[in-house]
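What follows is a single structure, written as structure tokens, with notes after it.
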Amino acid sequence: MLSSPRHASSGDGVDDVDRLFRSYNEMLVRYLTRRLGDRDWAEEVAQETFVRALRQEGEIVNERAWLFTVANNLVRDEARKDSRRRRHLSLLYEEQKDAVVEPEPTSLERAQEAAMARRAIETLSERDRLALLMREEGLDYNEIAAALGLSVGSVGTTLSRARRRLVESYEAAQQERSRREGNAAS
């Protein structure tokens, strides 16, 4: 349980955040990397999450759920800003797209598999996607429920539905890829 850094005796708040960082940083960065697909961005969001913990007034009752909730909120806020930037940049992209040459991936098949898995995950609703990623990071049902604002009883159903939809989406992508490769070989 993290006590308020501002109300704790000198250094206690920093010690609490240091303990939080040592306990949860690796897990949080892994989760965010899976969610965002970008380790550098994941590390930045995790860092900001721990800065928020340092500034937090009051007591954090469920540390892991609090950290994941703050991280998800930071990602959501950044996504909103990014959406506005993308609209502006899409116009610039259209003007410059002929001049840009994409580098070849080192392993085309591996890149295709990763892209297919990522697309399958992205087809899930946000709640299903976040629940799966949190469970993958070892959060228990109570922590997932707290972070996503669900009842504990609905977490199992949410996870089961998310897994089923993920498998269906991935298998459909594999079939589509096989169909395209078959047509290209003809």
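If we only count helices (runs of 4 or more DSSP H) wholly inside region 81-165, which ones have 2 or more residues that are at pLDDT 85 or above and of a type in the set (D, E, K, R)?
108-122, 126-136
Out of region 3-17, which residues are modelled with pLDDT of 55 or more and touching a helix residue (DSSP H, G or I) at 6+ places or on another chain (Cβ under 9 Å)?
Within region 3-17, GLY13, VAL14, ASP16, VAL17 qualify.
Output the residues belonging to region 132-149 that are under 17 Å from VAL70 (Cβ atoms), buried (at least 16 other Cβ atoms within 10 Å of the Cβ) and not acidic (Asp, Glu).
LEU133, MET134, LEU139, ILE144, ALA145, ALA146, ALA147, LEU148 - these are the residues of region 132-149 that are under 17 Å from VAL70 (Cβ atoms), buried (at least 16 other Cβ atoms within 10 Å of the Cβ) and not acidic (Asp, Glu).
Which residue pairs have Cβ atoms under 6 Å apart, sit 6 or more places apart or on different chains, and have a first residue in region 51-70 that is among the polar types (S, T, N, Q) and a second that is outside any helix (DSSP H, G or I)?
Close Cβ pairs satisfying both conditions: none exist.
May I ask you to list pairs of residues, at least six apart or on different chains, whose Cβ atoms are under 7 Å apart, with the first in region 137-151 being outside the structural domain of THR69 (by TED's automatic domain parsing) and among the charged types (D, E, K, R) and the second being in a loop (DSSP other than H, G, I, E, B) and surrounded by fewer than 20 Cβ atoms within 10 Å (Cβ to Cβ)?
Qualifying pairs under 7 Å: GLU143/ASN62.
Among the residues of region 48-74, how many are among the polar types (S, T, N, Q), assigned to a helix (DSSP H, G or I) and surrounded by 15 or more Cβ atoms within 10 Å (Cβ to Cβ)?
So the count comes out to 3.
Which number in (1) free of Cβ contacts under 8 Å to residues at least 24 places away in the same chain; (2) more than 15 Å from ARG119 (Cα to Cα) marks the one condition that GLN175 misses?
(2)
The values are calculated or read from the model by the stated rules, or taken from the named source; none is laboratory data. Note that this is a predicted model, so its numbers are computed, not measured. All Cβ positions, glycine included, derive from the backbone under ideal geometry; neighbour counts span all protein chains shown.
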